[in-house]
Amino acid sequence: SPVGGIIADRVNKRNIMVILDFLTAAVIISFSLLMNQGNLILLLTVTLMLLYGIAGAYQPSVQASVPALVNQDNFMAANSIINMISSFASLTGPVLGGILYSAYGLKPVLWVCTVCFTLSAVMEIFIKIPFQKQVLNGSILKTAKTDFAESIRFIRKEKPLIGKTLLVICGINLFLSAMIIVALPYLVTEILDLNASQANTLYGFAQGALAAGGLAGGIGAGVFAKKLAIQKSGNLIISCAVCVFPIFISLAIFSSGIVNYIVITACCFAIMAFSTIFTVQMMSFIQAETPQHLIGKVIAVILTVSMCAQPLGNALYGVLFEICKGFEYAV
């Protein structure tokens, strides 16, 4: 992400997206050709690390393109569209992948992905994103170090409100997102009174509900863009917190696996919807407050720091659920 952010401010964002999509296609086709020749686990690990690395470098370019393409009044609407597309892909991608994999095996899925990313790269060639070239300050490494330091200074000194926003996003990842990521599969497949095959099927539906919540939140952010005041964004976090309480009450009172599952899934849907609206609002605020020549780097710092909170939260909830075996509602 930091590398992607630095490059996003110094290279035409369209070119970055084109190159990264072609690179993704190349990684996938290389994996499909090498998958039957050697250590599959090692190859899979390296491939996934490369793909996640590309995704991390890609995001700052996408988010930094918004201020270059639309005026400030439409930041919320533009970000909600990006979020909606992402949520829709999260909802339909695994389903389509599962159907194709079941019917034809892995290689055709990989070939379809290669074609999709190649077409995406070709289409992006025709996108026009305004770009102003910045002067290099010495060597590439020195420039990268200076750029990164400048983005940190901007967040800490010039716009401390963005720093506070970053802490809030980290808090959400640490306590809320991590809770859902760990609790949902653990409760549905291990704790609720459901048989194994039923639990696995229902967990798939629950994952779909999370993606649908993200989609609903993206739509909501676009529809209510003009009515959502940044000063009242804290209400969205309070709404997320309130949605956790029915899960606690249901687990403490009811023994029925289905009743608990419905409550957990409904609440997770609502949490995802509220947190997505909050995320879109925060991203729009950061884009509006950050100068054009810093936007990619600042977004990259925010993505990097907030991502670091996620594994810490996952570990925290793993330990808590282990300690609270038998009375998981306490977590």
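A few notes on this one:
- Residue ID - farthest from N79 (Cα to Cα), chosen from residues in segment 285-301 that are of a type outside the set (A, V, I, L, M, F, W, C) and open to solvent by 10 Å² or more (accessible area, probe 1.4 Å): H293
- Of the helices (runs of 4 or more DSSP H) lying entirely inside segment 153-246, those carrying at least 3 residues that are surrounded by fewer than 15 Cβ atoms within 10 Å (Cβ to Cβ) are 160-171, 196-223.
- Neighbours by Cβ (under 9 Å, 6+ apart or cross-chain): first from segment 288-314, in contact (Cβ under 8 Å) with a residue 40 or more places away in the chain; second outside any helix (DSSP H, G or I) and charged (D, E, K, R): E289/K159; T290/K159; V298/K159
- Pair list, Cβ under 6 Å, 6 or more apart: segment 221-240 residue at positive phi, other residue outside any helix (DSSP H, G or I): none
- Scanning segment 48-62 finds no residues that are farther than 19 Å from I286 by Cβ, more than 16 Å from the chain's Cα centre (by Cα), open to solvent by less than 20 Å² (accessible area, probe 1.4 Å) and not basic (K, R).
- Among the residues listed as L23, L43, the single one being open to solvent by 60 Å² or more (accessible area, probe 1.4 Å) and touching a helix residue (DSSP H, G or I) at 6+ places or on another chain (Cβ under 8 Å): L23
Residue by residue, here is whether (1) in contact with a Phe, Trp or Tyr (Cβ under 9 Å, 6 or more places away or on another chain); (2) within 22 Å of A300 (Cα to Cα) holds:
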residue	(1), (2)
V3	no, yes
D21	yes, yes
A25	yes, no
F31	no, no
L34	no, no
L40	no, no
Y52	no, yes
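- Only one of the listed residues (T304, T276) is crowded, with 23+ Cβ neighbours inside 10 Å, among the hydroxyl-bearing types (S, T, Y) and assigned to a helix (DSSP H, G or I). That residue is T276.
- Test result for V62, hydrophobic (A, V, I, L, M, F, W, C), assigned to a helix (DSSP H, G or I), within 17 Å of T279 (Cβ to Cβ) and touching a residue at least 60 places away in the same chain (Cβ under 8 Å): no
- Flag for K128 being more than 21 Å from A300 (Cβ to Cβ), basic (K, R) and over 20 Å from the mean Cα position of the chain (by Cα): yes
- Any hit, segment 68-83, residues being surrounded by fewer than 16 Cβ atoms within 10 Å (Cβ to Cβ) and touching a Ser or Thr at 6+ places or on another chain (Cβ under 7 Å): no
- Looking only at residues in segment 307-331 that are in a loop (DSSP other than H, G, I, E, B) and of a type outside the set (V, I, T), the one that is surrounded by the most Cβ atoms within 10 Å (Cβ to Cβ) is C324.
- Check on P130, in contact (Cβ under 8 Å) with a residue 40 or more places away in the chain, outside any helix (DSSP H, G or I) and open to solvent by 70 Å² or more (accessible area, probe 1.4 Å): yes
- Any hit, segment 263-271, residues being over 17 Å from the mean Cα position of the chain (by Cα) and outside any helix (DSSP H, G or I): no
The values are calculated or read from the model by the stated rules, or taken from the named source; none is laboratory data. Quick caveat, the model's predicted, so the values are computed rather than measured. Neighbour counts are summed over all protein chains in view; Cβ atoms, including those assigned to glycine, are modelled from backbone coordinates with ideal geometry. The accessibility values were calculated without ligands, DNA or RNA, using every heavy atom of the protein model including side chains. Shrake-Rupley method; radii C 1.70, N 1.55, O 1.52, S 1.80 Å.
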